Amino acid sequence: MSIVNGNEIFAAARKGHYAVGAFNINNLEWTRSILAAAQETNTPILVQTSMGAGKYMGGYELCLNLVQQTVKSMGITVPVIMHLDHGNYEAAKECIEVGYTSVMFDGHDLPFEENLEKTKEIVALAHAKNISVEAEVGSIGGEEDGIIGEGELADVEEAKKIAATGVDYLACGIGNIHGKYPANWKGLHFDRLKELAAEISTPLVLHGGSGIPKEQIQKAISLGVSKVNVNTECQLAFADATRKYIEAGKDLEGKGYDPRKLLAPGAQAITDVVKERIDWFGTPSVK
Ligand code: G3H
Ligand code: ZN
């Protein structure tokens with residue numbers, strides 16, 4: 001299966017009241033681990049690079065080639081969407097040029113009218129090449145790759161205007177936060193989600209998917225969330241498994257320091273997290 005855009009997959013998810021997971025990659029191990037989870041569960045998946053990860057890995061073209069070649073070499077048969085996560089205007093344009101199949105233009109920190117105008121421009125450029133577009137209304141709390149959001153509820157009227165640009169999925173702030181949730185977090189604002197979903201048929205996106213209790217995620221999906229972004233959870237699982245390997249002294253046994261051995265428990269831990277989330281999201285198998 002070649003890399004596809006997200007249009008049909010997420011429209012079907014919104015209709016079918018399930019979600020498809022979007023997982024961030026950082027390197028070869030992350031890419032292989034996430035693709036393995038999708039293949040083992042026989043479900044579609046969205047693989048995404050933040051701007052920071054794109055820079056870290058050596059540029060968007062390299063990221064796209066990495067995913068394309070890994071899909072090929074692993075014999076992945078499920079649909080894979082290659083997405084830019086939280087891109088600014090320039091990054092979104094670059095990823096459209098390079099050949100990503102989906103881009104997020106995150107204009108939440110711009111004055112609303114500018115967010116709207118730039119979203120329109122990105123939609124026109126992307127749709128001319130059959131590339132999907134995600135936009136954002138109302139910031140997601142917390143920090144990701146230097147992008148800091150205060151966390152605010154999306155305004156329904158603004159969300160309707162952004163949805164009317166023809167975006168293929170829409171990220172809306174509903175009390176969700178990037179990174180670890182603070183102990184005093186009040187939970188997702190389901191009333192606002194209901195209002196948004198009643199007015200907007202575009203698949204909705206829940207960012208900050210790490211650390212939200214399963215019941216809240218599933219309720220959000222039942223109300224119209226079709227894409228759930230998960231990053232921190234995979235990072236924590238990788239770090240934890242790697243720490244355990246080193247603390248058990250396994251890197252000092254034989255050739256346990258070989259990166260192919262040293263990174264294996266962390267890589268497996270990412271696959272396990274992704275498989276668990278796919279189960280939570282109710283993503284159906286590909287026929
Ligand atoms: O865009 C990526 C996500 O919203 C990930 O958030 O790191 O809290 O899972 P997370
Ligand atoms: Zn996010």
Looking at ALA22 and the list (1) closer than 24 Å to GLN235 by Cβ; (2) among the small types (Gly, Ala, Ser); (3) not in a strand (DSSP E or B), which single condition is not satisfied? (3)
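Looking only at segment 55-101, count every residue that is open to solvent by 50 Å² or more (accessible area, probe 1.4 Å) and farther than 27 Å from ALA12 by Cβ and tell me the total. Lay out the reasoning, then the answer.
In the first step, residues of segment 55-101 are kept if they are open to solvent by 50 Å² or more (accessible area, probe 1.4 Å); the result is 55-56, 58, 61-62, 65, 68-69, 72-74, 77, 88, 90, 93-94, 97.
From what is left, the residues that are farther than 27 Å from ALA12 by Cβ are 55-56, 58, 61-62, 65, 69, 73, 88, 90, 93-94, 97.
So the count comes out to 13.
Quick one: is ALA38 away from ligand 2 (no atom under 16 Å from the Cβ), closer than 26 Å to SER285 by Cα and over 15 Å from the mean Cα position of the chain (by Cα)? Lay out the reasoning, then the answer.
On the way: away from ligand 2 (no atom under 16 Å from the Cβ): yes; closer than 26 Å to SER285 by Cα: yes; over 15 Å from the mean Cα position of the chain (by Cα): no.
No.
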So if I check each of LYS55, LYS118, LYS72, which one is without any contact (Cβ under 8 Å) to a residue 24 or more places away in the chain, within 27 Å of GLY141 (Cβ to Cβ), of a type outside the set (Asp, Glu) and not in a loop (DSSP other than H, G, I, E, B)? LYS55
From VAL47, VAL103, residue being free of Cβ contacts under 8 Å to residues at least 40 places away in the same chain, part of a strand (DSSP E or B) and in contact with a Gly (Cβ under 8 Å, 6 or more places away or on another chain): VAL103
Give me the helices (runs of 4 or more DSSP H) completely within segment 166-261, filtered to those with at least 2 residues that are within 15 Å of ligand 2 (Cβ to nearest atom), ordered by residue number. 214-223, 232-247
Which ones in segment 206-237 are touching an Asp or Glu at 6+ places or on another chain (Cβ under 8 Å) and more than 8 Å from ligand 1 (Cβ to nearest atom)? LYS227, ALA237
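Only one residue in MET74, MET82, MET57 is in contact with a Phe, Trp or Tyr (Cβ under 6 Å, 6 or more places away or on another chain) and more than 16 Å from ligand 2 (Cβ to nearest atom), so which one is that? If you could, list the steps in order and put the result at the bottom.
Values: MET74 fails: in contact with a Phe, Trp or Tyr (Cβ under 6 Å, 6 or more places away or on another chain); MET57 fails: in contact with a Phe, Trp or Tyr (Cβ under 6 Å, 6 or more places away or on another chain).
After applying the criteria, what remains is MET82.
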Please state which of the following conditions VAL225 fails to meet, knowing it meets all the rest: (1) touching a helix residue (DSSP H, G or I) at 6+ places or on another chain (Cβ under 6 Å); (2) crowded, with 23+ Cβ neighbours inside 10 Å; (3) within 12 Å of ALA19 (Cα to Cα). (1)
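The values are calculated or read from the model by the stated rules, or taken from the named source; none is laboratory data. Keep in mind the model is a prediction, meaning the values are calculated, not measured. FYI the Cβ positions are ideal-geometry reconstructions off the backbone, even for glycines, and counts take in every protein chain you see. Remember, those area values only see protein heavy atoms, side chains included, never the ligands or the DNA or RNA. Shrake-Rupley method; radii C 1.70, N 1.55, O 1.52, S 1.80 Å.
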